[in-house]
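Trainee: Before we start, here is the structure in question, set down as structure tokens.
The values are calculated or read from the model by the stated rules, or taken from the named source; none is laboratory data. Bear in mind the structure is a predicted one, so any value in this text is a computation, not a measurement. Cβ placement follows ideal geometry from the backbone for every residue including glycine, while neighbour counts extend to all protein chains displayed. Remember, those area values only see protein heavy atoms, side chains included, never the ligands or the DNA or RNA. Shrake-Rupley method; radii C 1.70, N 1.55, O 1.52, S 1.80 Å.
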Amino acid sequence: MDFFASNLSAADIRRRVGHPSQIAGVRFLSSEDGPSRGVRVLEFRTGTGFGFEIGVERGFDVGRADYRGASLGWMPPTLMPGPWYFEDQANFGWLRAGLGGFNNTCGFIHIGNPEETSVAHYNFPARPTERYGVHDRAALIPAELLSFGGRWDGERYVLEAVGRITQAQTYGENLVVTRTYRSELGASWFTMEDVVENAGFLPTEHMLLYHINAGYPFVDEGSELIAPVRGAPKLLFGEADVRDRTSWSRFIAPQKNWIQQTFQHDMVPDENGEVEVAIFNPRLLGGTALSVRYDHRVMPNYIEWRMMGEGQYAVGIEPCTNGFGRKAVAESGQLIVLQPGERRTYRTTVSILSNEEAGKLRDRTVAAA
């Protein structure tokens, strides 16, 4: 804890408040205006100036998030619209309605640009192939809200929300994802756990990418990406001299007519099989970083979206199960096929690091590389 109650026991805190929500909690709210009207949100507050909102109708993803008034994510002009505005689902409709906010889950069948693939194994002759749009549907599937709230667990006041997202169709896939968020009083972090299950009776292809959109003021001129990279990245889109580390690890002021750069990095996991990356701004709150830790064993690929354009000013932290291009993914053996009843679990932690903590992470990443 880094606030007034840091030395208080649970009993001492109870003596000082009428209800725990006075200092931390989870609230169930709804947007009532603009494109996001009708989208319900769960607002987490931890008591440290760290807070975030989960869009129930938006794939149970995190939209707004901030720390002491500093936004973690890039917000789109469309203000996190409802899924009823998701159009042109077989092509680039995701860019109109899906992209934006702190995290957009991509998948659960497809990630990357639009592609067509065989779905003959679903035994429906009238639809031998399926065309999946950019990054598929996950970010715009309304979730079922299973539970939310706060509770005392010994000396800890735990904040939690559980939702279920189902991507299914007749003569097609039936993937059920149970997502759990956890944080606690006095924390400047949250964890997100996804359990993806093939609830159908036929094999189903599966891809997953977390499109974490870091924005200003964490992303700004002079900010840097701290990551345990192995060698120079592969350039997927745009132009850059990847031999120059600053071309992907340093960020610049917004540029006119900027063309996106997309890099694929080879990350070095730690002894626990995890990778931690951070975006550090030395001028923010005395030096502050946004950290994302993920399980490299189930998400062995990492994409960096470096978008330094005016208005569209963001950096994508994107751990994923595989690279782009279904044919190349299949040929490389990275294509995941979930058998009936099979499950995969993904755990991710988002946290705020102080100047000192960011320095220690930088030292570890240099040693790992």
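Trainee: Pick from segment 138-163 the residues that are assigned to a strand (DSSP E or B) and in contact with a helix residue (DSSP H, G or I) (Cβ under 7 Å, 6 or more places away or on another chain): which of them is farthest from Phe44 (Cα to Cα)?
Mentor: Taking segment 138-163 and keeping what is assigned to a strand (DSSP E or B), we get 144-153, 156-163.
Those still in the list that are in contact with a helix residue (DSSP H, G or I) (Cβ under 7 Å, 6 or more places away or on another chain) too: 150, 152, 157.
Numbers: Gly150: 10, Trp152: 16, Tyr157: 13 Å.
Within segment 138-163, the match that is farthest from Phe44 (Cα to Cα) is Trp152.
Trainee: Among (1) part of a strand (DSSP E or B); (2) of a type in the set (Asp, Glu); (3) closer than 16 Å to Ile141 by Cβ, which single condition is Glu87 missing?
Mentor: Condition (1) is where Glu87 drops out.
Trainee: In addition: Contact list please: Cβ distance under 7 Å, first residue in segment 124-142 and charged (D, E, K, R) and open to solvent by 70 Å² or more (accessible area, probe 1.4 Å), second residue part of a loop (DSSP other than H, G, I, E, B) and at pLDDT 95 or above, pairs at least six apart or on different chains.
Mentor: Arg131/Pro114
Trainee: Quick test for you: out of Thr105, Thr170, Thr166, pick the one residue that is in contact (Cβ under 8 Å) with a residue 60 or more places away in the chain, among the hydroxyl-bearing types (Ser, Thr, Tyr) and either open to solvent by 70 Å² or more (accessible area, probe 1.4 Å) or not in a helix (DSSP H, G or I) (or both). Walk me through how you get there before you give the answer.
Mentor: On the way: Thr170 fails: in contact (Cβ under 8 Å) with a residue 60 or more places away in the chain; Thr166 fails: in contact (Cβ under 8 Å) with a residue 60 or more places away in the chain.
Step by step, each of Thr105, Thr170, Thr166 is checked, and only Thr105 is in contact (Cβ under 8 Å) with a residue 60 or more places away in the chain, among the hydroxyl-bearing types (Ser, Thr, Tyr) and either open to solvent by 70 Å² or more (accessible area, probe 1.4 Å) or not in a helix (DSSP H, G or I) (or both).
Trainee: If I ask for residues that are among the basic types (Lys, Arg) and either at pLDDT 95 or above or closer than 17 Å to Ala227 by Cβ (or both), which ones from segment 327-360 would you list?
Mentor: Arg343, Arg344, Arg347, Lys360
Trainee: Another question, then. Just the residues that are among the aliphatic types (A, V, I, L, M) and either open to solvent by less than 40 Å² (accessible area, probe 1.4 Å) or outside any loop (DSSP other than H, G, I, E, B) (or both), please, taken from segment 247-263. So that I can check it myself, show each step before the final result.
Mentor: Just the residues of segment 247-263 that are among the aliphatic types (A, V, I, L, M), to begin with: 252-253, 259.
If the condition is that a residue be among the aliphatic types (A, V, I, L, M) and either open to solvent by less than 40 Å² (accessible area, probe 1.4 Å) or outside any loop (DSSP other than H, G, I, E, B) (or both), then Ala253 is the only one that fits.
Trainee: For segment 13-33, name all the residues that are assigned to a helix (DSSP H, G or I) and not aliphatic (A, V, I, L, M).
Mentor: Arg14, Arg15, Arg16, Pro20, Ser21, Gln22
Trainee: Here is a follow-up. Filter segment 331-344 down to residues that are open to solvent by 50 Å² or more (accessible area, probe 1.4 Å) and either among the small types (Gly, Ala, Ser) or not in a strand (DSSP E or B) (or both), then give me how many there are. Don't jump to the end; show me each part of the working.
Mentor: In the first step, residues of segment 331-344 are kept if they are open to solvent by 50 Å² or more (accessible area, probe 1.4 Å); the result is 331-334, 337, 339-340, 342-344.
Then keep just the ones that are either among the small types (Gly, Ala, Ser) or not in a strand (DSSP E or B) (or both); that gives 331-334, 339-340, 342.
Looking only at that region, the number is 7.
Trainee: Being surrounded by 18 or more Cβ atoms within 10 Å (Cβ to Cβ) and part of a strand (DSSP E or B) is the filter here, so list the residues in segment 173-196 that pass it.
Mentor: Within segment 173-196, Leu175, Val176, Val177, Thr178, Arg179, Tyr181, Ser183, Glu184, Phe190, Met192, Asp194, Val196 meet the criteria.
Trainee: Within the bounds of segment 204-213, is there any residue that is more than 18 Å from Ser71 (Cα to Cα), modelled with pLDDT of 95 or more and over 19 Å from the mean Cα position of the chain (by Cα)?
Mentor: yes
Trainee: Ok, one more. Could you check segment 271-287 and list, in sequence order, the residues that are touching a helix residue (DSSP H, G or I) at 6+ places or on another chain (Cβ under 9 Å) and open to solvent by 10 Å² or more (accessible area, probe 1.4 Å)?
Mentor: If the condition is that a residue be touching a helix residue (DSSP H, G or I) at 6+ places or on another chain (Cβ under 9 Å) and open to solvent by 10 Å² or more (accessible area, probe 1.4 Å), then Glu276, Phe280, Pro282, Leu285, Gly286 are the ones that fit.
Trainee: Would you pick out the residues in segment 217-246 that are buried (at least 18 other Cβ atoms within 10 Å of the Cβ), part of a loop (DSSP other than H, G, I, E, B) and not polar (S, T, N, Q)?
Mentor: The answer is Phe218, Val219, Asp220, Ala227, Pro228, Pro233.
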